[in-house]
Amino acid sequence: MKVNGLAMSGVWRELKADSIRKSLDYHRDRGQKAPKRLVDRFIQLLPYEEVREEFQCAVDLAEHGDDSEVLRLNAQGEWGSFLRGTWFGKSVEEYPYPSRYLLALEDALAEPSDLIEQGELAAAARAMTHNELTRPLLSPEMAFALSAATSKSRFGLVQLAVTLESALSLLAAWSVDTTSDAHAKDLRDITPLFADEAGTPGQQFYSILIRTLNCSSMGELLDRLSFEGDAFDVRTLQRWSAGETLPESNAVRRITSALCPEKADWFANMHWAMRYLTLLGYVSEPVVIAVEKYCFQPGADGAFAPWPTFPFGHGSFPAWCRSRYRFWYEYHQHRLAVESLKDSTASSTGS
């Protein structure tokens with residue numbers, strides 16, 4: 001959830017209930033049952049009366065020895081619970097495609113996750129390769145590394161690779177999920193971020209900004225902004241161009257509102273995707289650098305697999321992004337086409 005900008009600690013702080021989270025964690029980490037007053041405070045934080053009643057019923061049943069409802073709620077998973085709240089009142093079939101895919105992926109990963117917790121890493125690898133949803137996340141090298149891991153502590157590097165693939169797949173699912181509205185489709189077109197392998201996502205975004213505005217140089221962009229009455233700081237653009245800082249959303253909005261208001265929403269989506277990709281690079285590229293220092297030592301191949309290459313054998317983060325985003329985009333196009341065909345068949349059968 002952190003990769004998607006949804007750190008649960010931040011949610012608790014926003015609710016001004018961080019002390020409740022810490023208390024619940026305290027009892028959980030010690031294998032203790034949380035006091036009733038603490039559980040009651042937690043239930044009151046839930047946003048919908050129907051949900052509060054459901055949780056209260058589960059707690060009451062558990063008090064009398066029936067854990068079935070608690071187990072059912074736990075089985076929803078973090079994303080399942082989050083999506084249920086986001087689309088409250090809708091059935092899963094009514095969720096947007098990215099949410100349906102994310103929910104299905106979380107369900108598919110439940111069995112491998114349980115096996116990993118039990119230390120059955122080879123069995124987890126088999127479970128992932130046999131499931132149609134999780135199979136595309138694993139390269140042969142990643143599957144072998146997972147099978148060969150001797151402990152959960154050795155699983156971390158494989159987990160990072162799977163997380164990267166999952167995150168890029170979710171980005172592609174979001175960008176391919178459009179209605180028949182051509183404008184909506186254009187708003188989610190982030191393919192220019194993958195046009196070439198040079199530079200960081202932030203630098204790519206700056207180049208796209210310059211090209212889209214038909215500016216031949218940084219100086220021309222500044223002149224056009226000045227003509228519109230906006231004295232933009234050249235040092236800000238220089239930092240963006242050099243990849244020293246990420247373009248800030250407010251600054252980008254200033255530029256697009258002044259020079260291309262009709263593309264402001266598209267640039268806002270591009271900016272979000274750029275930050276998303278930057279985070280993936282931030283968590284992965286230091287791993288490559290660290291592993292490369294030791295990859296020639298005896299036994300390093302097994303200890304650091306599947307690194308120091310990015311998933312599916314790519315030698316750099318930009319190369320991985322460009323290749324695997326294209327794969328995942330086509331993958332989700334196919335899944336949506338299959339869904340559409342099934343819906344059409346069901347409709348024609350029912351009529």
Could you tell me whether residue 156 is under 19 Å from the mean Cα position of the chain (by Cα), surrounded by fewer than 16 Cβ atoms within 10 Å (Cβ to Cβ) and under 21 Å from residue 286 (Cβ atoms)? yes
Exactly one condition in (1) of a type outside the set (A, V, I, L, M); (2) surrounded by fewer than 18 Cβ atoms within 10 Å (Cβ to Cβ); (3) closer than 30 Å to residue 154 by Cα; (4) out of contact with any helix residue (DSSP H, G or I) (no Cβ under 6 Å at 6 or more places or on another chain) is false for residue 111; which is it? (4)
So, in the stretch 204-228, exactly how many residues are in contact (Cβ under 8 Å) with a residue 24 or more places away in the chain and more than 32 Å from the chain's Cα centre (by Cα)? 4
Condition (residue is in a helix (DSSP H, G or I), surrounded by 16 or more Cβ atoms within 10 Å (Cβ to Cβ), among the basic types (Lys, Arg) and out of contact with any strand residue (DSSP E or B) (no Cβ under 8 Å at 6 or more places or on another chain)) applied to the stretch 65-79: is it met by at least one residue? no
Count of residues meeting criterion [of a type outside the set (A, V, I, L, M, F, W, C), in a helix (DSSP H, G or I) and modelled with pLDDT of 85 or more] in the stretch 29-51: 6
Just wondering, is there one or more residues in the stretch 326-337 that are touching a residue at least 12 places away in the same chain (Cβ under 8 Å) and polar (S, T, N, Q)? yes
Residues of the stretch 38-83 classified as under 25 Å from residue 112 (Cβ atoms) and either touching a residue at least 24 places away in the same chain (Cβ under 8 Å) or touching an Asp or Glu at 6+ places or on another chain (Cβ under 7 Å) (or both), total: 6
Which listed residue, of 103, 137, 121, is aliphatic (A, V, I, L, M), modelled with pLDDT of 90 or more, crowded, with 17+ Cβ neighbours inside 10 Å and over 15 Å from the mean Cα position of the chain (by Cα): 121
Within the stretch 314-343, can you find the residues that are among the hydroxyl-bearing types (Ser, Thr, Tyr), at pLDDT 90 or above and over 17 Å from the mean Cα position of the chain (by Cα)? 316, 323
Restricting attention to the stretch 85-104, which residues are over 25 Å from residue 337 (Cα atoms) and either basic (Lys, Arg) or touching a residue at least 24 places away in the same chain (Cβ under 8 Å) (or both)? 85, 88
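The values are calculated or read from the model by the stated rules, or taken from the named source; none is laboratory data. Here the structure is a predicted model, which is why all the values come from computation and not from measurement. For neighbour counting, all protein chains shown are included, and Cβ atoms are generated from backbone atoms with ideal geometry for every residue, glycine included.
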